[in-house]
Amino acid sequence: MFRFLFPNLYVPGIYDIDLEYLRRRGIRGLIFDLDNTIVERGELSWPPELRLWMDELKEKGFAVSIVSNNRRRSAEAVAEAHGIPAVFRAVKPRKKPFLKAIEMMGVSRRETAVVGDQIFTDVVGGNRLGLFTILINPLPGKEFIGTTLFSRQLERLLLPRIWRRHGFSRRPGHDRR
Ligand SMILES: [Mg+2]
């Protein structure tokens, strides 16, 4: 159980992900968390650099999807407007929403990476299915109260070990490019 808590890769932010490295590992599909991973929680509009980066991913041949525990139709509509297949109201770390996203992307589990800012939803959910998991620093958006009280406290115990394991002596800064 304990091993499910550790990501395969840790980088400060989504723009730090080395796409060539993922390709060499056979990754062809990327599942992104939404809140505080690609946009700050509560933020509906996507910044231009995010849209450009999503386009770049697609141009480079990666399939992209979103799996979010967010329940708001408005956030779902934004993802759809950008042409990204999305599973909302996902109840991560359950397996089902990840499997649905994998199916929508038309890739296999072995070819799928999960990118998210939370250990207990994104990393554990991906690891349970044997997906390649990538943890990033949360963007500084407001957090769901349950997240701050529970998950973030437990994460605090694990993060120094994860940072060290991936070559950072302490918490790297936010990537706000
Ligand atoms: Mg998140």
Here is a check on your reading of the model: is LEU154 in a helix (DSSP H, G or I), closer than 19 Å to ILE17 by Cβ and open to solvent by 30 Å² or more (accessible area, probe 1.4 Å)? no
Which of the residues that make up segment 122-134 are assigned to a strand (DSSP E or B), in contact with a helix residue (DSSP H, G or I) (Cβ under 8 Å, 6 or more places away or on another chain) and buried (at least 24 other Cβ atoms within 10 Å of the Cβ)? THR133
Residue in segment 43-84 that is farthest from the ligand (Cβ to nearest atom), counting only those that are among the aromatic types (Phe, Trp, Tyr) and out of contact with any Leu (no Cβ under 7 Å at 6 or more places or on another chain): TRP53
Within segment 122-177, residues of a type in the set (A, V, I, L, M) and free of Cβ contacts under 8 Å to residues at least 12 places away in the same chain come out as ILE145, LEU149, LEU157
The residue from THR121, THR147 that alone is more than 17 Å from ASN8 (Cβ to Cβ), within 11 Å of the ligand (Cβ to nearest atom) and polar (S, T, N, Q) is THR147
Could you tell me whether LYS142 is of a type in the set (D, E, K, R), part of a loop (DSSP other than H, G, I, E, B) and surrounded by 15 or more Cβ atoms within 10 Å (Cβ to Cβ)? no
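The values are calculated or read from the model by the stated rules, or taken from the named source; none is laboratory data. The shown structure was predicted, so the numbers you read here are calculated from the model rather than taken from an experiment. A quick note on method: Cβ atoms are made from the backbone with ideal geometry, for glycine too, and the neighbour counts reach across all protein chains shown. Note: accessible area is taken over every heavy atom of the protein model, side chains too, but ligands, DNA and RNA are not part of it. Shrake-Rupley method; radii C 1.70, N 1.55, O 1.52, S 1.80 Å.
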